[in-house]
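This report concerns only the one structure given below.
The values are calculated or read from the model by the stated rules, or taken from the named source; none is laboratory data. Here the structure is a predicted model, which means the values were calculated and not measured. Reconstructed Cβ throughout: ideal geometry from the backbone, glycine too, with neighbour counts over all protein chains shown.
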């Protein structure tokens, strides 16, 4: 190990230690639990059929499937996700053509330290594939099968990753058609890519009873501005729109610098941004984990163009671009470390502790009545051999199916949920799993046996109130 790489190993070791300790204390919330429950409770064929309700391809679910279906605890999902995050950090430290200070800034930024390391979702898998594509980009024509296989996998990671995958495919096809006389050597790789695209499209075809099937079921013109602010300044209050303005200014600077380096890669970035903005405006406004992909795409395109020897020479504006990027990464790292510390001090979700309470008492033998199901489902990974009866769909279950039955029942009142439970389990002892305390008008007939701590830091604010009914 030479002195030129020693610092990389030290940085990677620090990152591994921080990631491992954070995931050891992390309590998954419902979005994390949903993928694990689908992989655990559905046979493979049913899982692939159910994916039409998820609105996203199934690569993450398929990665979890061997572990979940084998009966392993959900902690294995975080081990897998942690390995993905560590792989991304290794790629950045050892393969990215960035200066050392930018590499350190990347791996200890908010997204790499927290959002794409601790929160187990498919987005880190998409980032890993993006950076693998960037690493192999100079050899894309020498090894077309490897390059297009990575893009095919990217198509199947999540709906947000489809846009950079499509942009990369179009640019590559243009290169092949324009410059290659021996196009036949690309046919096997092209077939692999077409297969990946076809499988991705098939998974995105919604089931007939899926909710929100239209191409534009919302309209939020503010969403792109908020998305760029969250990408460059995650967790920073958008006071007087200053952070939005700065984020757009820095993004414009990066696009301008990228255009000077490579018009084709600029086209990849612009097409990717256009697809993501469409999602944010018309489909789902998204949250910081989705918005962070805007910044990951900047790193991705900067990686690709920095590998070109003609772009090695630094100009004043390129230094300004890199230092502005570093400033955003360093500033975000403070938010990442703050979340890291809060993970030790407060529960991200109280689902695990609530389920452990149920399992340790005789209440585990009662019918468990959950409302709303989207909150109660977070307990399901921990209730071994026990399903929750969801009042909004009037059925036992674990994972959520985003269909008309769920949509029709999701907004029922607590009083209606209780009436449904009493009609279904007349005269039986029940344990109610609610996400809020019962109102005074209803509380007389129930005994509060458990309530979550006041501060839960997760996105879903998953606090629970357990009531025994009827009172003995």
Given the conditions (1) surrounded by 24 or more Cβ atoms within 10 Å (Cβ to Cβ); (2) in a helix (DSSP H, G or I); (3) in contact with a strand residue (DSSP E or B) (Cβ under 6 Å, 6 or more places away or on another chain), and given that residue 363 satisfies all but one, which numbered condition is not satisfied?
(1)
Check on residue 37, modelled with pLDDT of 95 or more and under 30 Å from residue 266 (Cβ atoms)
no
Identify all residues within segment 413-472 that are part of a helix (DSSP H, G or I) and surrounded by 14 or more Cβ atoms within 10 Å (Cβ to Cβ); write none if there are none.
414, 416, 417, 418, 420, 421, 422, 424
Within segment 377-408, take every residue that is in contact with a helix residue (DSSP H, G or I) (Cβ under 9 Å, 6 or more places away or on another chain) and assigned to a helix (DSSP H, G or I) and give me the one that is surrounded by the most Cβ atoms within 10 Å (Cβ to Cβ).
378
Count - residues of segment 231-274 that are surrounded by 17 or more Cβ atoms within 10 Å (Cβ to Cβ) and more than 22 Å from residue 137 (Cα to Cα)
11
Subset of segment 22-47 that is assigned to a helix (DSSP H, G or I) and without any contact (Cβ under 8 Å) to a residue 40 or more places away in the chain - its residue that is surrounded by the most Cβ atoms within 10 Å (Cβ to Cβ):
39
Working carefully through the options 142, 166, 189, find the one that is under 21 Å from residue 300 (Cα atoms) and surrounded by 12 or more Cβ atoms within 10 Å (Cβ to Cβ).
166
